[in-house]
Amino acid sequence: MKKLLFLPFVLILLIAVSACSGDVNVGSGVSSSAATSNPTSSPAAKEAIHKQAKLNFSNTSAQQTTKIDSAEIKDVSDLNLADNQFDAIKYALLIHMSVSNSATQPAQTYPSQGHVVLDDGTQIDGLIGADAGIDDAFKDGEVANGATKSGYVVFPLKEDQARKFKKGAFKFDVTAGDEMVTQEHYSVAINF
């Protein structure tokens, strides 16, 4: 009889754990391009931070085409993410990019190991491992011949960085799958 009572308890526990460990999406369908406010009943409530920018960057080198089409700063606290020091992330810079490979060998790129340099010289490292828990994150690593990888690179921001961010640069590398194993060092301007 005790075994029969224990079985439903174990099933409920398994369902609860699996519900907590699901992947999340960071992409947004919002088309606002300026910081927007989120009014609340508290007179001391701060204005919510949300910024978007179209980047339209594209470069083809050594049979790899790298595109970066947008950047967005938004509140991601509902995703329960932690930065590389295991602190909770409230705001993040999300950069949407793709790499297409038409060389005979695989290309390699790890943009989450890249960084963003703010206008004041502050360097912000990408969120390592974001591609493991976020469905629409850019998956670092190999890009096979004929393949295209796309997704978001996530950079955690402190609230004051998110609020003050006007311009910066996204810096990362792509190693091509051509005969020369060409390496491109990218620095893409971001302006909100």
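Laid out as a table, the results:
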| read-out | value |
| --- | --- |
| Answer residue from the stretch 174-185, given it is surrounded by fewer than 14 Cβ atoms within 10 Å (Cβ to Cβ) and in contact with a strand residue (DSSP E or B) (Cβ under 7 Å, 6 or more places away or on another chain) and is nearest to SER58 (Cα to Cα) among those | HIS185 |
| Options LYS149, LYS139, LYS171, LYS158: the member that is surrounded by 13 or more Cβ atoms within 10 Å (Cβ to Cβ), touching a helix residue (DSSP H, G or I) at 6+ places or on another chain (Cβ under 9 Å) and of a type in the set (Lys, Arg) | LYS139 |
| Subset of the stretch 117-136 [surrounded by 14 or more Cβ atoms within 10 Å (Cβ to Cβ) and touching a Phe, Trp or Tyr at 6+ places or on another chain (Cβ under 9 Å)] | VAL117, LEU118, ILE124, ASP125, GLY126, LEU127, ALA130, ASP131, ILE134, ASP136 |
| Evaluation of ASP131 against (1) at pLDDT below 95; (2) closer than 18 Å to LYS90 by Cβ (one fails), failing number | (2) |
| Which listed residue, of ALA82, ALA107, ALA189, is over 21 Å from SER61 (Cβ atoms) and hydrophobic (A, V, I, L, M, F, W, C) | ALA82 |
| The stretch 170-192, residues that are out of contact with any Asp or Glu (no Cβ under 9 Å at 6 or more places or on another chain) and in a strand (DSSP E or B) | PHE170, LYS171, PHE172, SER187, VAL188, ALA189, ILE190, ASN191 |
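The values are calculated or read from the model by the stated rules, or taken from the named source; none is laboratory data. Note that the structure is predicted; figures quoted are calculated from it, not measured. Counting neighbours? That spans all protein chains shown, and the Cβs are built from the backbone with ideal geometry, glycine included.
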